[in-house]
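Enquirer: Please read through the structure below; I'll follow up with questions.
The values are calculated or read from the model by the stated rules, or taken from the named source; none is laboratory data. The model shown is predicted, which means the values in this text are computed figures rather than measured ones. Note: ideal-geometry Cβ built from the backbone for every residue, glycine included; neighbour counts use all protein chains shown.
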Amino acid sequence: MTRPSTLLVSLVVGSALLGGCAGGQEFETIQRQLGEIQRQVLELRKDASSKEEIASLDSTLRGQTDSLQRSDAEIQVALQGLSDQIEELEAKLEDTNYRLAQLSQQIAATNQELKTFRVSGSNAGRSDSSVTSPSSERSPLVPTDPQTLYQTAYSDYLRGNYDLAVLGFRQYLDSFPDTELADNASYWIGESYFSQGKFEQSIREFDKILDDYPRSDKTASALLKKGYAYAESGRAADAALQLRRVIRDFPDSDEANLARQRLERLEGGP
């Protein structure tokens with residue numbers, strides 16, 4: 001295809017040749033035609049420039065769009081990372097709150113047990129010795145008095161000697177089933193199993209507290225840990241049922257606050 005500039009040159013040359021042999025009117029006509037062609041050539045050049053500008057703008061817009069899409073993807077990844085960190089922190093906070101509540105319970109239980117021990121008139125030195133002596137080095141427990149036996153088993157629990165703790169608390173329940181701390185002994189058996197990841201066994205022990213000691217001060221804790229055990233076993237519906245029961249029956253307790261937090265996690269809350 002002949003380019004407009006080439007066509008213009010050809011026409012100019014042609015017009016010059018025709019000018020020598022054509023009249024003035026014909027020459028003017030050719031001049032007008034050349035002017036129109038020149039105008040069209042200029043418009044074509046402008047169109048070509050516009051097309052280049054449009055192509056440049058399109059390329060710029062595509063680059064910006066790609067950059068925005070990459071930025072959006074990076075933001076989404078960052079937000080997901082923050083969400084994961086928040087969930088991890090919430091889980092750690094829940095665990096910390098639970099540990100604090102457990103520590104408070106243990107302190108209260110220890111104080112009560114010390115009071116009971118003093119009232120009984122038992123030998124305090126012998127009880128202290130049983131608490132502080134290494135559990136792994138002592139001989140098997142032999143029921144002597146309830147305070148010594150209970151304190152020894154409780155010391156094992158605090159030290160993480162869960163098998164010995166279960167053994168000691170069971171001996172306590174077998175020998176002294178009607179004492180004031182029988183429900184506590186049953187509860188710490190459940191806690192020992194829970195700490196070992198033996199969730200089904202811990203659920204059975206917590207059920208014993210609910211069935212055998214309905215007025216126990218360990219009822220709320222037993223319900224809460226039973227819910228936790230169900231959750232850890234993958235039984236979310238049963239866990240939610242127990243946690244709602246804690247909230248319903250003990251709405252102002254520390255256990256109720258922990259139950260609400262765990263229930264939110266089970267139900268996919270923030």
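Enquirer: Can you name the residue in region 228-264 that is of a type in the set (S, T, N, Q) and in a helix (DSSP H, G or I) and, of all such residues, is nearest to Gly197 (Cα to Cα)?
Expert: Among residues in region 228-264 that are of a type in the set (S, T, N, Q) and in a helix (DSSP H, G or I), the one nearest to Gly197 (Cα to Cα) is Gln242.
Enquirer: From (1) surrounded by fewer than 24 Cβ atoms within 10 Å (Cβ to Cβ); (2) at pLDDT 95 or above; (3) within 23 Å of Gln151 (Cα to Cα), pick out the condition that doesn't hold for Arg244.
Expert: All conditions are met except number (3).
Enquirer: Is it true that Asp211 is over 19 Å from the mean Cα position of the chain (by Cα), touching a residue at least 12 places away in the same chain (Cβ under 8 Å) and in a helix (DSSP H, G or I)?
Expert: Taking the combined requirement at face value, the residue does not satisfy it.
Enquirer: May I ask you to verify whether Glu264 is surrounded by fewer than 24 Cβ atoms within 10 Å (Cβ to Cβ) and over 27 Å from Gly160 (Cα atoms)?
Expert: Here the answer is yes, as Glu264 does meet what is asked.
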